[in-house]
1. Can you tell me which residues in region 112-151 are in a strand (DSSP E or B) and either over 23 Å from Leu16 (Cβ atoms) or out of contact with any Asp or Glu (no Cβ under 8 Å at 6 or more places or on another chain) (or both)?
2. Sort through Ala135, Ala146 and tell me the only one that's crowded, with 24+ Cβ neighbours inside 10 Å, at pLDDT 95 or above and not assigned by TED's automatic domain parsing to the domain that holds Ser51.
3. Taking region 29-61 as the region of interest, how many residues are within 20 Å of Asp136 (Cα to Cα) and surrounded by 15 or more Cβ atoms within 10 Å (Cβ to Cβ)?
4. Of all residues in region 152-161 being under 24 Å from Leu253 (Cα atoms) and in a helix (DSSP H, G or I), which is farthest from the chain's Cα centre (by Cα)?
5. Does region 46-78 hold any residues that are of a type in the set (A, V, I, L, M, F, W, C) and not in a strand (DSSP E or B), and which are they?
6. Identify the single condition in (1) in a helix (DSSP H, G or I); (2) modelled with pLDDT of 95 or more that Ala217 does not satisfy, given that it satisfies every other one.
7. Just a yes or no: is a residue in region 30-47 modelled with pLDDT under 95 and of a type in the set (S, T, N, Q)?
Amino acid sequence: MRHFLTLKDYTKDEILEIIDLAIQIKEETKRKEFVPYLEHQTLAMIFEKSSTRTRVSFEVGIYQLGGIGLFLSKNDIQLGRGEPMKDTARVVSRMCDMVMIRTFEQAKLEEFARYSKVPVINGLTNEYHPVQLMADYLTMIEFGKADNPIVAYIGDGNNMAHSWLMLASKLGFTLRIATPKGYEPNEHIFVEALKFAKESGATIELTHDPKEAVKDADVVTTDTWISMGQEEEKEKRIQDFKGFEVTKELMKLAKDDAIFLHCLPAYRGYEVSEDVFEEHAEEIFTEAENRLHAQKGIMVWLDRKRSS
């Protein structure tokens, strides 16, 4: 049995195998062919953090695969009253076929997975957001940007930066991360990515200059400067991130046909300008839709691994 907790647990071939499955299922969906790959199966969706795209994409996804999703906020279950994560795992995994968790600490997710009898999927933690990166890479393929690309990530060295590090270092492409000083990715995760990059041939670069990162990039991407739980730091972060907004002037340094990605929600005037966002809306909302298809690929792949 396999879990989907972070891309560092996956080989290049496995990542691409899931992506190929997602492409196949997306094509079937567009033809209105809803193949019941997970017929009568139940996906428990545990949310300690709120969400739009994660809830909608997983709930619709399991339904289109022939199963049903159960939305469980921390206030709906005993986690909200202090039940240990391992006990919740022991109960839920005896009643459901798969579990998706969106929580704060990666350690909580990993504890749940250790005690779970069924596959567990990371719907986002403070450290990683791997399902988003699967959607992002699927989008890069669809826009012709997956062949040895240069990707520039501009902004906070957060869970999105960490996940880009894992994807690039596993697949072997060039990733440049530009953050303000003091907002670099976690050092341990960065070192891990460099280790994987030696094996794959990836080029990983860290800079404090957005212009340096974006130069000749095929893909430019960013994330909010103020993630959930950081609201008290808002004013400081806005000051610290001055010069890191993705504007038209910055995009001009990328390749002429570069695409722009954003995992959403997007705050115009902060991490991205209104004109850049609207100019690249087709890419951004294809990326958002691809959460649905990428996650269906993940769920079906995990189910097949359990059955094999």
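The values are calculated or read from the model by the stated rules, or taken from the named source; none is laboratory data. What you are looking at is a predicted structure, and each value in this text was computed from that prediction instead of being measured. Cβ atoms come from the backbone with ideal geometry, glycine included; neighbour counts cover every protein chain shown.
1. Passing the criteria: Val120, Ile121, Asn122, Gly123, Leu124.
2. Ala135
3. 10
4. So the residue we want is Ala161.
5. Of everything in region 46-78, those that are of a type in the set (A, V, I, L, M, F, W, C) and not in a strand (DSSP E or B) turn out to be Val56, Phe58, Val60, Ile62, Leu65, Ile77.
6. That leaves (1) as the condition not met.
7. no
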